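Some notes on the structure that comes next.
The values are calculated or read from the model by the stated rules, or taken from the named source; none is laboratory data. Quick caveat, the model's predicted, so the values are computed rather than measured. Cβ atoms come from the backbone with ideal geometry, glycine included; neighbour counts cover every protein chain shown. What goes into the accessible areas is simple: the full protein's heavy atoms, side chains included, and nothing from ligands, DNA or RNA. Shrake-Rupley method; radii C 1.70, N 1.55, O 1.52, S 1.80 Å.
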Amino acid sequence: MGGQLPQTFGQGLLSGIGHPVIGVDHFAFVVAVGIVAALAGHLWALTLPFVAGTLAGCLIHLAGITLPVAELVVAATVLLLGAIIATNRELPALLLAVLFAGAGIFHGWAYGESIFGAEQTPLVAYLAGFTVVQLVVGVLAGLGTRWVIHSDAARPMKLRLVGATVAGMGLVLFVGHVEGIFFPGLR
């Protein structure tokens, strides 16, 4: 969109589909949600709270409410979920649902930045686009995880490597945001 607000339904839809996919922090987290949800045996039941949280977070932003250090929290959630996968940590489904919904609020708030001030038609299309794409990406990541679990003897190591990669991305993003907050002149 070149920094411009979407003006049409099509532009809003494409922007909504694109944001969670081209934003590396968001994409990594959505994939990790699908992986963890599949490992916990609750693919749909755990992916949906995240998607609902992102929708709520975007609406919070559109209502003009500021979430402090939102980008830092987004990076921390990527780091945390990557660490959960890398360490093969099993957590109760309810705790994961709360974590996913809470993280979703911050991810959704960040999504809202690119649509803030748009007219209703592109706004609705944007919300529909990012909701559907996150659901599809999360579920596909979960289905891929199920396939790996059932077909590959080396799955524990592969899943740990995926988790370490996600955690590493989160760490880089987190450090970058901390640096920007405490040392803004370094950039």
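Pairs only if they're at least six apart or on different chains, beta carbon under 7 angstrom, first in the stretch 133-146 and open to solvent by less than 10 Å² (accessible area, probe 1.4 Å), second of a type in the set (F, W, Y); list them, first residue then second.
As it stands, the answer is G138/F50, since those pairs meet every condition given.
Would you confirm whether or not the stretch 25-36 contains a residue that is open to solvent by 70 Å² or more (accessible area, probe 1.4 Å), farther than 17 Å from F100 by Cβ, in contact (Cβ under 8 Å) with a residue 12 or more places away in the chain and not charged (D, E, K, R)?
No, the conditions are met nowhere in the stretch 25-36.
From the list R146, R89, R160, which one is of a type in the set (D, E, K, R) and outside any helix (DSSP H, G or I)?
R89
Somewhere in the stretch 106-115, is a residue more than 17 Å from the chain's Cα centre (by Cα) and part of a helix (DSSP H, G or I)?
no
Going by the conditions given, is G180 open to solvent by less than 40 Å² (accessible area, probe 1.4 Å), part of a helix (DSSP H, G or I), free of Cβ contacts under 8 Å to residues at least 60 places away in the same chain and out of contact with any Gly (no Cβ under 9 Å at 6 or more places or on another chain)?
Spelling it out, G180 is indeed open to solvent by less than 40 Å² (accessible area, probe 1.4 Å), part of a helix (DSSP H, G or I), free of Cβ contacts under 8 Å to residues at least 60 places away in the same chain and out of contact with any Gly (no Cβ under 9 Å at 6 or more places or on another chain).
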